[in-house]
Amino acid sequence: MNFKPSISENFLDLFYKEIECDVPNTNSKLNLHILKIENNQFCYNELIEELSNHFISFSLSRKDIAEFKKNEKYGELYRKAASKFRNYNVNDGEAGELLLYCFLESHLKATKILTKLEIKLSSNDYAKGSDGIHLLELSSKNYQLIFGESKLNKKLTTSITEAFESINDFLHRKKNNIFDEIGLISSQLGKEALDEDSYQFIKSIIMPKASDTDPIVKNNAFAIFAGFEIDSTEEEKRLSNDIFLALIKEKIKSEVESKMNHIKSKIEEYKLYNYTFYVYVFPFMNMDEARKNIIKKITLAES
C-alpha cells in the first residue's frame, strides 16, 4: 500500500528538541523545535536546503508526482510544484504551512492526505479551509484526521490566538467548514491514492461504517503551527557562541512555556475540549525576511 509519510525522522536532525509535553487539563500536545544555531544565527540555509527536498510532495498530489517521474519530466515536476506558491514578495504564510507539513510527517508520523496548495489552480488562488489534512494511526482501527492551521506573527500570543480563531470559525461557519472539507477529501482522494488498496483504505477511514462488526474509529483533530519572532539585543549578539546558544534557547523555552495557559484558555473559550490539538511553536529571527527568503530560494532555486 503506497500510503505512508514521505518525510523521515532525519528532518528533525536540524532542530534542538526543547519541549514535547501535554498541556495540562487539555487534549493538547505542545512541541518546540528550535532550528540549529551557528555563530549566533539560525541555520536558515540548511533549513532551506532541507525544505527544498520536500516542497514537491507538499504542493503536488502523489499521482501528479508519479506521472512526472514516470515520464522523466523532472524539470516540469519542479516548475509545477514551484508555481503553486505565491510570489515571495507577498507570501506571508506558506513557509509556515510547509514547515507544519514537514513536522506532521516526520515528527508525528501523520501522513498527508491533502494540502491546500495542491488543489489551487494558480498561485493567486485563495482556498479557504485548512492548510493541510493528515491521517494519524493511534492504534489498530483507531485514527485521527488532522486539519492543519498555520499562523505567523511576531508575537507568539497572537499566532496562537489567530490559529484558534480560525479553527473555531472552520468548525462553525455555514460554508467551507470542516464537513465540506471532508467532502472535498472524498472528491480528491483519487489523486492521492496510487492504487486501489490505498483508495479503499483511506475511504474506509474518512467515512467509517459504525455498523461494521469491528468498526474503524475516526475522530477529527487539529495541528497548529505558531511561528513567532525571538529578538536578541546587540549586546547578546556579541556574546561568545556557547553563551549565546544557552541564553537564546532558554529565552525561547521560557517564552513558549509561558503560553501554556493561553492555549488552555482558548480551548476553554471556544469549548473545544473534545478535540486533540498538536501545537508546534517555531521561533524565527528576522521573521519577515526569513519567511520570504525561504519561499524565494525554494521556488526560484536561488543560492
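Values quoted throughout were computed directly from the atomic coordinates according to the rules given, and no laboratory measurement underlies them. As the structure is a computational prediction, the values presented were derived from the model and not from experiment. In this analysis, Cβ positions are derived from the backbone assuming ideal geometry, glycine residues included, and neighbour counts consider all displayed protein chains.
Estimated from helical segments only, the mean residue ellipticity of the chain at 222 nm is -13500 deg cm²/dmol, where each DSSP H run of four or more residues counts as -39500 (n - 2.57). By the compact-protein rule of thumb, 2.2 N^0.38 Å, the alpha-carbon radius of gyration of the stretch 47-90 corresponds to a ratio of 1.19. Highest mean first, the peptides 276-284, 155-163, 41-49 sorted by other C-beta atoms within 10 Å per residue fall in the order 276-284, 155-163, 41-49. A Förster radius of 22 Å, combined with the Cβ-Cβ distance separating Lys253 from Glu9, puts the computed FRET efficiency at roughly 0.50. Working from the Cα coordinates of the chain, the gyration tensor eigenvalues give, after taking √(5λ), semi-axes of 31, 25, 17 Å in decreasing order.
Extension gain for Phe179-Thr158 works out to 4.9 nm (0.36 nm per residue, less the C-alpha to C-alpha distance).
Antiparallel beta bridges, as assigned by DSSP with both residues in the chain, represent about 45 percent of the total such bridges. Model label points for Tyr16 and Ser52, set 7 angstrom from Cα along the Cα-to-Cβ axis, are 2.7 nm apart. Between Asp212 and Ser232, the FRET efficiency estimated from the beta carbon spacing at R0 = 51 angstrom works out to 0.35. Between Asn286 and Asp169, residue separation times 0.36 nm minus the direct Cα-Cα distance comes to 39.1 nm.
Per-residue 3J(HN,Hα) values for the stretch 276-289, derived from phi via the Karplus relation 6.51 cos²θ - 1.76 cosθ + 1.60 with θ = phi - 60°, read 8, 10, 10, 9, 10, 9, 9, x, 10, 9, 6, 4, 4, 5 Hz in sequence order (x marks Gly and Pro).
Between helix 178-192 and the chain, what is the angle of the helix's C-alpha long axis to the longest principal axis, kept within 0 to 90° and rounded to the nearest 10? Compared with the principal axis, the helix lies near 80 degrees. Normalise the Debye intensity by I(0) for the stretch 15-163, one equal point scatterer per Cα, no solvent, then take log10 at q = 0.10, 0.13 Å⁻¹ and round to two decimals. Log10 of I(q)/I(0), two decimals: -0.41, -0.70. When Glu105, Glu38 are arranged by Cβ crowding within 10 Å, least crowded first, meaning fewest neighbours, the order is Glu38, Glu105. Approximating the spin labels as points 7 Å out from Cα along Cα→Cβ, the Ile37-to-Lys141 distance works out to 4.9 nm. Per-residue Karplus couplings for the stretch 224-230, computed as 6.51 cos²θ - 1.76 cosθ + 1.60 with θ equal to phi - 60°, are listed in order as 10, 10, 10, x, 8, 9, 10 Hz, Gly and Pro entered as x.
Here r is the Cβ-Cβ distance between Asn25 and Ser204 and R0 is 35 Å; the resulting FRET efficiency, rounded to 0.05, is 0.55.
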